[in-house]
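Participant: Take a look at the following structure, please.
What follows is calculated from the coordinates using simple rules that are stated; it is not laboratory data. Predicted model only: the values in this text are computed from it and were never measured. Cβ placement follows ideal geometry from the backbone for every residue including glycine, while neighbour counts extend to all protein chains displayed.
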Amino acid sequence: MMSKNLESTSMRDLLCASLGESDVGRQVSVCGWVAKRREHGEHLAFLDVRDHSGIIQAVVDGSVDVRSEYVVRVSGTVTRRPEGTVNDKLATGSVELTDCVVEVLASAEPPPFQLDDRVDIDEQVRLKYRYLDLRRDHMQRNLRLRAVVNGALRRAMDAQGFCEVETPLLWAPTPEGSREFVVPSRLQPGEFYVLPQSPQIAKQLLMVGGFDRYYQIARCMRDEDLRADRQFEFSQLDIEASFVDQDDVLGFVSVAVLDAAEAATGVRPEEIPSMTWAEALDRYGTDKPDLRFEMLLHDLSDVFAATEVKAFSAPTVKALRVSGGASFSRARLDELTDYAKGLGAKGLAWFRITDEGLDSPLAKFLNETERAAIASVDGAQVGDIVFCVADEYTGACHVLGAVRSALGSPPVGEGPHRYVWVTEFPLFEGVDENGNLQAAHHPFTMPHPDDMDLIDTDPLKVRSRAYDLVLNGWELGSGSVRIHRADIQSRVFRALGISEEEAESRFGFLLGAFKYGAPPHAGFAFGIDRLVAIFAGEENIREVIAYPKTQSGADLMTGAPKSVAPKVMRELRITVAPKGS
RNA sequence: GGACCUGUGGUGCAGCUCGGAGUGCACGCCGCCCUGUCAAGGCGGAGGUCGCGGGUUCAAAUCCCGUCAGGUCCGCCA
């Protein structure tokens, strides 16, 4: 409950829902919106007055000319409700305002949708009238929760000696990574700024600049397709520190996240465990494991090493037991098979465990040993089902991991909050169209000290000092120890197929800065939208953002994006090519 | 770039398979009645280009094609 001196203004004494029995007898004024009017003839009317704190009932002698959502100031006497009229469903239900004077501060048309939380309104309508949607308890709660989280994060970073520095929104284009929003320059027509995908370079330069502990709640923009957990704009807690190693950073971030969790939920989570990327992939089939449920992946590659069965002749065979899954209908299994195929699998084998043995179209092709292995996966019992995917290692893990998640993952709002650090990500992943290795994180990520020799001999085996923070299967954020030594950076660039000239043109100012004394440094960034969404039990980050965009990038309230005046276009010397060109 | 789902008075739904008059329900809105309600109650009323365009048909909310908008997912997000 907020302190009362913050509630009082020249127009009101306190918030509606802060009224209670201790206020009985006080003469007070409250301000808010009319949530409901109940009239009983010309002698008596009830007004539910709502502000963001909640509702107080005002009793008016005589009729009152107000409608829903009128803005009113109500002055009256706090009175204990008469015997038998207490409303247990209302926080203020034991009192009411009597002898009320109602001032209409603004009239209001009926809103396009009801502002109580009784029905789910179509999001299209909510977003068009977001200012009304925000008046609802649901959005009030979410955005205020977000403010609590932001506050806790700031306090945690301040307390750890971090200095908040703001970095530019207008930055230089970088021909790397995700698509950037482009901003044309008026003073230098034909030249462009971009909005930052993250303050990555800026914060590393702060390290060179001697700010050994930097943080910022940073707005970041990426011009990539939107999803339930992705918007063009998002906020991240951005951190970088000097003279540190990986464990220092994990410590800083853990404190911030656990403080935020405690502030948001009232419960401080356990210390955050960690696992390596290799473990996560092997046991959970993903680099963002959801630890709320078990259902681990099991490896049957050895059993099927010399199998006769074509469907299983692959480098890796992974198996997943689903408790009680034998009752899955054939339609459900076909659906899952299609899902697996959609993810690139050749198929999804399933084996119902029954009293008579394995029930599966494939069972008759398996030999005794193979059947026994499947029937005992993960302690399988009659009534369970075992899924198998045979493929190369990574693919098999990913597909079965996705099946695990589809079958086991509880809704966002359910179950405990299970954080986990995933460490030792590979330094490189795959190759681009020119046959060059690609950086898994970014090209300034420090290779694992034990794997330095592999950079030239077996680069895909090189682990890195990169790490992710995962909560309930959602990637909250990632970070790494950065390369601060020119010799290591050259080796990595060489492995990535980046020439000295190219490095100079793309990252020149960063590498140039490093020549003047770069401290060893490391950092992290995690998405506040996702963190708050999980705290709020929301599947969708739009629910914790005041003015989000739709999936096609539109703002239904403002109509953005829109064309700009011809004068502006001329000034920028920009013409738009016709459609289809 | 692709797959799937949704679009019906202001709001939430049903109707759509199997074509037959804009049919129904709940909330909201407007008017009247009502002195203890609180999802108030009673009576009456208004409100619709069934997203849009085309096709099939004697006849389309319903079937077909296209398109727009919203959503979920794949690709994408170093």
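Participant: Round to a whole angstrom and tell me the spacing of the C-alpha centers of the range A:79-97 and the range A:19-37.
Facilitator: Result: 11 Å between the Cα centres.
Participant: Over the range A:448-504, what number does the Rg to Rh ratio reach, with both radii from the alpha-carbon atoms and Rh per Kirkwood?
Facilitator: 1.06
Participant: In the neighborhood of A:His138, defined by Cβ-to-Cβ distances under 15 Å, what is the net charge if each Lys or Arg adds +1 and each Asp or Glu adds -1? It would help to have the intermediate numbers written out before the result.
Facilitator: Working: positive: A:Arg50, A:Arg118, A:Arg126, A:Arg130, A:Arg135, A:Arg136, A:Arg141, A:Arg144, A:Arg146, A:Arg542; negative: A:Asp116, A:Asp117, A:Asp120, A:Asp122, A:Glu123, A:Asp133, A:Asp137, A:Glu538, A:Glu539, A:Glu543.
Local charge sum for A:His138: 0.
Participant: Given N residues in the range A:217-281, what is its alpha carbon radius of gyration divided by 2.2 N^0.38 Å?
Facilitator: Normalised Cα radius of gyration, the range A:217-281: 1.40.
Participant: Mind ordering A:261-273, A:524-536, A:396-408, A:211-223 by average Cβ neighbours within 10 Å, highest first?
Facilitator: A:524-536, A:396-408, A:211-223, A:261-273
Participant: Something else: With N set to the residue count of the range A:294-408, report its C-alpha Rg divided by 2.2 N^0.38 Å to two decimal places.
Facilitator: It is 0.94.
Participant: In the range A:425-476, which trypsin sites (Lys or Arg not before Pro) fall in coil by DSSP and have 16 or fewer other Cβ atoms within 10 Å?
Facilitator: Details: sites: A:Lys461, A:Arg463, A:Arg465; in loops: A:Arg465.
Qualifying residues, ordered by number: none.
Participant: Another question, if that's okay. Set the Förster radius R0 to 56 Å, insert the Cβ-Cβ distance between A:Glu356 and A:Ser185 as r into 1/(1 + (r/R0)^6), and round the FRET efficiency to 0.05. Could you put the intermediate results ahead of the total?
Facilitator: Working: r = 74 Å, r/R0 = 1.33.
After rounding to 0.05, the efficiency reads 0.15.
Participant: While we're looking at this one, here's another question. Calculated FRET efficiency, A:Ala486 and A:Val309, Cβ-Cβ r, R0 60 Å, to nearest 0.05?
Facilitator: It comes out at approximately 0.65.
Participant: Sticking with this structure for a sec: Take each of the peptides A:560-573, A:473-486, average the number of other beta-carbon atoms within 10 Å over its residues, and list them starting from the highest.
Facilitator: Result, highest mean Cβ count within 10 Å first: A:473-486, A:560-573.
Participant: OK, next. Around A:Asp378, under 13 Å between beta carbons, what's the net of Lys plus Arg minus Asp minus Glu among the other residues?
Facilitator: +1
Participant: What is the extension gain from A:Ser178 to A:Val101, computed as 0.36 nm multiplied by their sequence separation minus the C-alpha to C-alpha distance, in nm to one decimal?
Facilitator: Additional length available on full extension: 21.9 nm.
Participant: What's the whole-number percent of alpha carbon pairs in the range A:4-106 lying beyond 18 angstrom?
Facilitator: When every Cα pair of the range A:4-106 is considered, 40 percent fall beyond 18 Å.
Participant: Just tell me which lysines come within less than 17 Å, Cα to Cα, of A:Lys346; anything on the same chain fewer than 8 places away is out.
Facilitator: Correct list for A:Lys346: A:Lys310, A:Lys318.
Participant: Still on this structure, please answer the following. Could you give the DSSP H helices of chain A that reach 24 angstrom or more along their long axis (alpha carbon positions) and whose average Kyte-Doolittle hydropathy is no lower than -1.0?
Facilitator: Qualifying helices, which must be both long enough and hydrophobic enough, are A:137-159, A:246-265.
Participant: If you don't mind, another one. Sum up the charges of everything whose Cβ sits under 14 Å from the Cβ of A:Gly357, counting Lys and Arg as +1 and Asp and Glu as -1, but leave A:Gly357 out. The partial results should precede the final answer.
Facilitator: On the way: positive: A:Arg352, A:Lys364, A:Arg371; negative: A:Asp355, A:Glu356, A:Asp359, A:Glu368, A:Glu370, A:Asp384.
Charge balance in the 14 Å sphere: -3.
Participant: Which one of A:Trp350, A:Gln200, A:Trp421 is farthest out on the positive end of the charge dipole of chain A, using unit charges on Cβ (Lys, Arg +1; Asp, Glu -1) and the Cα centre as origin?
Facilitator: A:Gln200
Participant: Please go through the residue pairs A:Lys128/A:Lys203; A:Lys288/A:Lys364; A:Lys461/A:Lys515; A:Lys128/A:Lys562 and name each one whose alpha carbons sit more than 25 Å apart in this structure.
Facilitator: Pairs exceeding 25 Å: A:Lys128/A:Lys203; A:Lys288/A:Lys364; A:Lys461/A:Lys515.
Participant: Here's something else I'd like to know. Suppose R0 equals 35 Å; then what is the FRET efficiency for A:Lys562 and A:Arg73 from their Cβ-Cβ distance, rounded to the nearest 0.05?
Facilitator: Calculated transfer efficiency: 0.40.
Participant: Please report, in whole Å³, the volume per residue of the convex hull around the C-alpha atoms of the range A:174-239.
Facilitator: For the range A:174-239, the hull spanned by Cα atoms encloses 114 Å³ per residue.
Participant: Given the range A:130-268, what whole percent of its Cα pairs are spread farther than 28 Å?
Facilitator: For the range A:130-268, the fraction of Cα-Cα distances above 28 Å is 31 percent.
Participant: Right, here's the next one. Using only the Cα atoms, work out Rg/Rh for the range A:458-581, with Rh taken as the Kirkwood radius, to two decimals. Spell out each step's value before the answer.
Facilitator: Numbers: Rg = 21.9 Å, Rh = 19.7 Å.
That ratio is 1.11, to two decimals.
Participant: Using only the alpha carbons of the range A:378-490, determine the length spanned along each of the three principal axes and report them from longest to shortest in whole angstroms.
Facilitator: For the range A:378-490, the Cα spread along each principal axis is 58, 32, 28 Å.
Participant: Determine the calculated [θ] at 222 nm for chain A from helices alone, applying -39500 (n - 2.57) to every DSSP H run no shorter than 4 residues and normalising by the residue count; nearest 500 deg cm²/dmol. Please list the in-between numbers first.
Facilitator: Values: 14 runs with 153 residues, N = 581.
Result for chain A, helices only: -8000 deg cm²/dmol.
Participant: Points 7 angstrom from Cα along the Cβ direction at A:Ile121 and A:Leu296: gap in nanometres?
Facilitator: 4.9
Participant: Could you give the Stokes-Einstein D for the range A:376-422 in µm² per second, using the C-alpha Kirkwood radius, 4 °C, 1.567 mPa s?
Facilitator: For these conditions, the coefficient is 98 µm²/s.
Participant: Can you tell me the alpha carbon radius of gyration of chain A divided by the globular rule-of-thumb value 2.2 N^0.38 Å?
Facilitator: Values: Rg = 29.7 Å, N = 581, 2.2 N^0.38 = 24.7 Å.
The value comes to 1.20.
Participant: Can you put A:Lys579, A:Lys549, A:Lys515 in order of Cβ neighbours within 10 angstrom, beginning with the fewest?
Facilitator: On the way: A:Lys579 5, A:Lys549 18, A:Lys515 9.
By the 10 Å Cβ count, ascending: A:Lys579, A:Lys515, A:Lys549.
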